[in-house]
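S.K.: Let me give you the structure first, and then I'll get to my questions.
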Amino acid sequence: MMVEGKAHNGRLLDVEDLIVTFETDEGIFRAVDGVSFAIEPGEVLGLVGESGCGKSVTALSILRLIPGPVGKIAGGKIRFQGKDLLELPASKLHNIRGQEISMIFQEPSAALSPLHRVGRQLVETIRLHRKMDKKAAWEMAREWLAKVRIPDPEERMYAYPYQLSGGMQQRVMIAMALMLEPALIIADEPTTALDVTIQAQIFKLIRGLKRKDTSILLITHDMGVVWEMCDRVAVMYASRIAEKGTLEQIFNAPAHPYTRGLLASIPKLTGAKGKLKAIRGQVPSPFEYPSGCHFRDRCPHAFDRCAAEVPPLYEVQEGHRASCFAAHELVGKPPEAE
Amino acid sequence: MAQIIQADSISAPPSPLLDVKDLKTWFPIQRGIFSKIVGHVRAVDRVTFSIQKGETLGLVGESGCGKTTLGRTLIGLETAMEGQALFNGRDLVTLSSRERRHLRRQMQIIFQDPLSSLNPRMNILDIVTEGIAQFKMVEGGREDHAKRLMAEVGLDKEAIYRYPHEFSGGQRQRINIARAISLRPDFIVCDEPVSALDVSVQAQVINLLMDLRKSHGLSYLFISHDLSVVSNIAGRTAVMYLGTIVEQGPTSDIIEDPLHPYTKALIAAVPDPGKAKIGEREERLVKGETPSPAAPPSGCRFHTRCPDIMDICPRVDPPDFSHETRLVRCHLYK
Ligand SMILES: Nc1ncnc2c1ncn2[C@@H]1O[C@H](COP(=O)(O)OP(=O)(O)OP(=O)(O)O)[C@@H](O)[C@H]1O
Ligand SMILES: Nc1ncnc2c1ncn2[C@@H]1O[C@H](COP(=O)(O)OP(=O)(O)OP(=O)(O)O)[C@@H](O)[C@H]1O
Ligand SMILES: [Mg+2]
Ligand SMILES: [Mg+2]
């Protein structure tokens with residue numbers, strides 16, 4: 001398997017020019033518009049961007065979980081271990097889901113059935129992919145609840161999801177995604193309900209997985225989580241990639257005005273109180289994305305050309321790209337300058 | 001050293017909007033075919049605090065410590081076993097369901113899981129104006145009202161005919177917020193209301209909540225595990241550990257000079273993007289396992305993980321000690 005992966009430039013996952021459309025009463029729009037990124041074995045890629053920019057839709061596309069017929073993958077390629085997932089027959093894809101790629105959904109209620117006890121749900125997931133008797137699977141599930149730091153794991157195996165706190169439900173999903181030790185974990189806002197201490201324990205758990213080359217696509221809006229976990233970062237804005245680079249490049253030398261505004265508006269624990277800093281203006285509805293650069297209406301650096309053309313992803317440093325005509329000038333300036 | 005500041009003994013302060021005393025919400029643990037009760041999860045265990053009109057109280061603490069249960073108990077979605085919760089002088093714990101329904105308009109909740117709390121068969125227009133129809137408030141253009149609410153939370157006005165599943169996670173969270181503020185209530189329990197939002201939209205929503213507080217005198221119980229969010233919105237904060245409040249007082253005091261050993265650990269662990277990583281701050285994280293809320297440790301509940309443990313701690317449950325502006329439940333502040 002690994003050999004196969006290696007054969008493709010060492011990439012485990014390669015998403016190329018992905019386009020996803022939704023048809024609503026108001027018309028058809030692109031939720032994802034020409035998104036490309038790659039993940040290498042063992043790498044953690046952070047996908048960040050404002051609410052509604054297309055992060056979850058990108059994630060769902062990888063497992064072909066876009067709800068049809070309204071939603072459609074209208075273009076692009078998604079290669080995983082060399083296979084094109086968009087071309088794969090449904091039965092083959094089914095084997096990959098859970099076994100090779102697992103997903104932690106943004107909202108626990110999207111993944112956990114309210115009707116069954118969590119123990120049973122974990123056991124069924126294990127037995128779907130592993131030849132294991134019920135007792136051994138039960139034992140394994142209980143151990144995983146303990147690993148994600150749920151107190152009273154034995155007792156909690158009998159709980160229904162509603163009897164668990166929000167953060168515990170999230171940890172049940174994390175256990176479910178990690179326990180089969182897949183090659184790729186797609187984690188959509190996996191720790192929104194977790195305090196930093198438990199977050200740190202979970203991150204340690206993920207790093208300590210037996211299979212050392214597990215890759216993670218980590219979707220989050222929390223720049224603290226990005227900083228703790230990621231090797232590389234891709235920033236999305238209004239359906240497109242605005243910027244991508246290594247963790248250090250994005251945090252220390254952000255080149256896209258959106259990334260720079262994002263970093264400048266992180267709330268601080270101490271310091272000035274009162275009104276929080278927000279990037280000026282509103283995220284437009286997908287039906288009203290402006291021509292050219294989608295960010296130009298809110299951008300302090302916009303000029304004529306931004307309305308006329310979509311800026312390409314300029315390479316500003318090795319491995320660091322930003323879709324902005326001013327990227328080369330901005331990359332050297334501190335983000336506080338916004 | 002300890003100083004007793006008993007507000008009501010000094011002057012006659014305005015009576016608080018919400019005055020909670022010794023509130024207790026336990027969940028039975030049932031086993032077997034006869035659903036025998038074999039124990040209780042002590043989710044909220046003798047909690048005391050108050051919220052003034054126009055005030056925001058932050059509520060922080062680790063996952064599973066009882067924050068949501070406390071909020072749900074106040075709104076009437078869980079039933080308290082004991083204690084008192086006076087809302088405008090009326091006790092929510094003993095309220096009849098009829099009186100409770102009447103109060104519904106004044107008290108709202110923004111739920112932690114936005115997906116499960118939105119009816120999938122209702123469109124956004126119906127969701128955010130449901131209460132209005134129900135409470136026969138000024139009809140005056142339901143659509144207009146819904147569109148105004150959508151704009152306030154930064155969503156597309158034209159999307160009111162869409163259904164919850166057609167939105168992103170953060171958009172659904174904002175639909176929840178729009179629903180909660182639609183009736184202009186007096187009090188909102190905000191349960192992790194901005195956890196799914198990026199910093200910029202987060203700032204916009206928090207600013208909206210602060211504006212409503214100013215213009216309508218709204219009060220909030222603001223639950224969050226993110227101290228930097230709480231520090232920006234809450235004047236006072238309560239820190240919860242395993243069903244009890246271990247420290248409460250002005251937010252800035254708590255952040256600049258935490259007193260309870262648990263609060264100290266909580267604040268030391270806040271990530272600082274661009275600076276040291278968790279690995280390098282590890283010694284500052286809370287040690288050990290979270291104890292079971294069904295069988296909490298004897299004496300002080302935090303003693304099993306406390307770096308400053310003393311002889312008395314496993315034996316005696318500390319009361320709330322008054323320390324300058326704060327209440328601290330720790331023997332160090334006797
Ligand atoms: N089933 C659907 N039908 C119609 N539109 C949809 C559907 N799912 C998502 N969308 C729209 O597609 C866009 C992208 O949504 P997506 O869920 O990917 O956002 P996101 O980046 O994950 O945001 P968040 O951080 O708020 O979760 C949004 O405008 C959303 O309203
Ligand atoms: N309906 C219920 N039945 C039984 N136990 C419950 C129920 N609701 C909550 N609990 C338990 O009560 C405790 C407190 O849960 P609560 O949801 O209040 O925590 P929380 O502080 O909100 O945590 P989080 O930050 O993870 O959301 C947990 O042990 C939880 O499992
Ligand atoms: Mg999402
Ligand atoms: Mg909760």
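What follows is calculated from the coordinates using simple rules that are stated; it is not laboratory data. From a predicted model like this one, the values you see are computed outputs, not experimental measurements. We place every Cβ from the backbone using ideal geometry, glycine too, and count neighbours over all the protein chains shown.
S.K.: Where does each of A:215-222, B:181-188 land if you order them by average Cβ count within 10 Å, highest first?
M.R.: Result, highest mean first: A:215-222, B:181-188.
S.K.: Starting from the 7 Å offset along Cα-to-Cβ, what nm value, one decimal, do you get for the label separation of A:Glu143 and B:Asp257?
M.R.: Each label point lies 7 Å from its Cα, and together they span 5.0 nm.
S.K.: Oh, and also: Counting only DSSP beta bridges with both residues in chain B, what percent are antiparallel, rounded to the nearest 5?
M.R.: Bridges in chain B that DSSP calls antiparallel: roughly 65 percent.
S.K.: Distance check, please: which entries in B:Lys264/B:Lys287; A:Lys77/A:Lys212; A:Lys55/B:Lys67 exceed 24 angstrom between their Cα atoms? Mind dumping the intermediate values first?
M.R.: Numbers: B:Lys264/B:Lys287 12 Å; A:Lys77/A:Lys212 27 Å; A:Lys55/B:Lys67 29 Å.
In this structure, A:Lys77/A:Lys212; A:Lys55/B:Lys67 lie more than 24 Å apart at Cα.
S.K.: Can you give the net charge of the other residues whose Cβ lies under 10 Å from the Cβ of B:Phe167, counting K and R as +1 and D and E as -1?
M.R.: +1
S.K.: Still on this structure: Mind listing the phi-derived Karplus ³J(HN,Hα) values for segment B:68-82, rounded to whole Hz, using 6.51, -1.76 and 1.60 with θ = phi - 60°, and x for any glycine or proline?
M.R.: With coefficients 6.51, -1.76 and 1.60, one gets 5, 4, 4, x, 5, 5, 5, 7, x, 8, 10, 9, 6, 7, 8 Hz.
S.K.: Hey, what number do you get for chain B at 222 nm if only DSSP H runs of n ≥ 4 count, each worth -39500 (n - 2.57), divided across all residues, to the nearest 500?
M.R.: Dividing the helical sum by the residues of chain B leaves -8000 deg cm²/dmol.
S.K.: Starting from the Cα-Cα distance between A:Lys204 and A:Arg64, subtract it from 0.36 nm times their residue separation and give me the gain in nm to one decimal.
M.R.: Roughly 47.4 nm would be gained on extension.
S.K.: Considering only DSSP beta bridges where both residues belong to the protein assembly as shown, give the percentage that are antiparallel (nearest 5).
M.R.: 60 percent
S.K.: With axes computed from alpha carbons, what is the tilt in degrees of helix B:142-152 against the longest principal axis of chain B, rounded to the nearest 10 within 0 to 90?
M.R.: The angle comes out near 40 degrees.
S.K.: Compute the convex hull volume of the Cα atoms of segment B:196-259, divide it by the residue count, and report the result per residue in Å³ as a whole number.
M.R.: Convex hull of Cα atoms, per residue: 96 Å³.
S.K.: Under 5 Å between amide hydrogens, which residues at least 5 positions from B:Phe321 or on another chain qualify, with H placed 1.01 Å from N in the peptide plane?
M.R.: So B:Phe321 has HN proximity to B:Val328, B:Arg329, B:Cys330.
S.K.: Using amide H atoms built 1.01 Å from N in the peptide plane, name the residues 5+ places from A:Ile241, or on other chains, whose amide H lies under 5 Å from its own.
M.R.: Residues meeting the criterion, in which the H sits 1.01 Å from N, are A:Ser36.
S.K.: Roughly speaking, what is the centre-to-centre gap between segment B:33-66 and segment B:241-273 when only Cα atoms are used, to the nearest Å?
M.R.: Here the two parts' Cα centres lie 18 Å apart.
S.K.: In debye, nearest 20, what is the charge dipole magnitude of segment B:15-333 about its Cα centre with +1 on Lys and Arg Cβ and -1 on Asp and Glu Cβ, if you could check?
M.R.: Here the size comes out at about 880 debye.
S.K.: Separate question: Going by average Cβ neighbours within 10 Å, how do the peptides B:287-296, A:228-237 rank, with the highest at the top?
M.R.: Values: B:287-296: 16.3, A:228-237: 23.2.
The peptides rank, most packed first, as A:228-237, B:287-296.
S.K.: Hey, another quick one. For peptide A:66-73, what's the mean number of Cβ atoms from other chains within 10 Å of each residue's Cβ?
M.R.: Mean inter-chain Cβ contacts per residue within 10 Å come to 1.
S.K.: Whole-Hz ³J(HN,Hα) for each residue in segment A:37-43, computed from phi via Karplus 6.51 cos²θ - 1.76 cosθ + 1.60 with θ = phi - 60°, x for glycine and proline: what do you get?
M.R.: Each residue's phi maps through the Karplus curve to give 6, 9, 10, 8, x, x, 8 Hz.
S.K.: Let me ask you something else. Under 13 Å from a point 7 Å along the Cα-to-Cβ line of A:Tyr158: which residues of segment B:31-53 have their amide N that close?
M.R.: Only B:31-41 fall inside the zone, counting backbone N under 13 Å.
S.K.: Can you list residues whose amide H is under 5 Å from B:Ala238's amide H, if they're 5+ apart or on another chain and H is modeled 1.01 Å from N?
M.R.: B:Gly58, B:Leu59, B:Val60
S.K.: Using just the helices of chain A, give the 222 nm mean residue ellipticity in deg cm²/dmol: DSSP H runs with n ≥ 4 each add -39,500 (n - 2.57), and the total is spread over all residues, rounded to 500.
M.R.: -9000 deg cm²/dmol
S.K.: Counting only other chains, what is the mean number of Cβ atoms within 10 angstrom of the Cβ of each residue in peptide A:166-179?
M.R.: Mean partner shielding for this stretch: 2.
S.K.: May I have the extent of the alpha carbons of chain A along their three principal axes, as whole Å values ordered from largest to smallest?
M.R.: Computed over chain A, the largest-to-smallest principal extents equal 67, 50, 43 Å.
S.K.: Mind giving me the nanometre distance, one decimal, between the label points for A:Glu318 and B:Ala151, set 7 Å out from Cα along Cα→Cβ?
M.R.: Reported label-point gap for A:Glu318 and B:Ala151 is 5.2 nm.
S.K.: Follow-up. Determine the sum of side-chain charges near B:Gly249: Lys and Arg each +1, Asp and Glu each -1, restricted to other residues whose C-beta is under 9 angstrom from that of B:Gly249. Numbers along the way, then the final one.
M.R.: Details: positive: B:Arg236, B:Arg326; negative: B:Glu247, B:Asp253, B:Glu324.
Taking every Cβ under 9 Å from that of B:Gly249, the sum is -1.
S.K.: Taking θ as phi - 60°, what are the ³J(HN,Hα) couplings along segment B:50-64 by the Karplus curve (6.51, -1.76, 1.60), each to the nearest whole Hz, with x for Gly and Pro?
M.R.: 9, 10, 7, 4, x, 9, 10, 9, x, 10, 10, x, 5, 4, x
S.K.: I've got another one for you. Where a Cα-Cα gap under 15 Å defines reach, which aspartates and glutamates qualify for B:Lys147, not counting those fewer than 8 residues away within the same chain?
M.R.: Filter leaves B:Asp126, B:Glu130, B:Glu139, B:Asp156, B:Glu158.
S.K.: Which whole-percent values make up P(r) of chain B when all C-alpha to C-alpha distances are grouped in 20 Å steps starting at zero?
M.R.: 29, 57, 15, 0
S.K.: Please compute the net charge surrounding A:Tyr160, taking Lys and Arg as +1 and Asp and Glu as -1 over other residues with Cβ under 11 Å from its Cβ.
M.R.: +3
S.K.: For segment B:33-136, what is the largest minus smallest coordinate of the Cα atoms on each principal axis, given in angstrom and ordered from greatest to least?
M.R.: For segment B:33-136, the Cα spread along each principal axis is 44, 40, 30 Å.
S.K.: Which angle from 0 to 90°, rounded to the nearest 10, does the C-alpha axis of helix A:166-178 make with the longest principal axis of chain A?
M.R.: Once rounded, the angle reads 80 degrees.
S.K.: Further question: Top mean-square fluctuation among A:Ala193, A:Ala90, A:Ala31, Gaussian network model of chain A, C-alpha springs under 10 Å?
M.R.: A:Ala90
S.K.: A follow-up question, please. Taking chain B as the reference, fit the longest principal axis to its C-alpha atoms, fit the long axis of helix B:199-216 to the helix C-alpha atoms, and give the angle between the two in degrees, 0 to 90, nearest 10.
M.R.: So the helix axis and the longest Cα principal axis differ by about 80 degrees.
S.K.: Within a 10 angstrom radius of each residue's Cβ in B:169-179, how many Cβ atoms of other chains show up on average? Whole number is fine.
M.R.: 3
S.K.: In whole angstrom, and with the biggest value first, how far do the Cα coordinates of the protein assembly as shown range along each principal axis?
M.R.: Extents along the principal axes, in whole Å: 71, 62, 48.
S.K.: For segment A:219-265 and segment B:184-209, what is the separation of their Cα centres, given in Å?
M.R.: Using only Cα atoms, the two centres lie 23 Å from each other.
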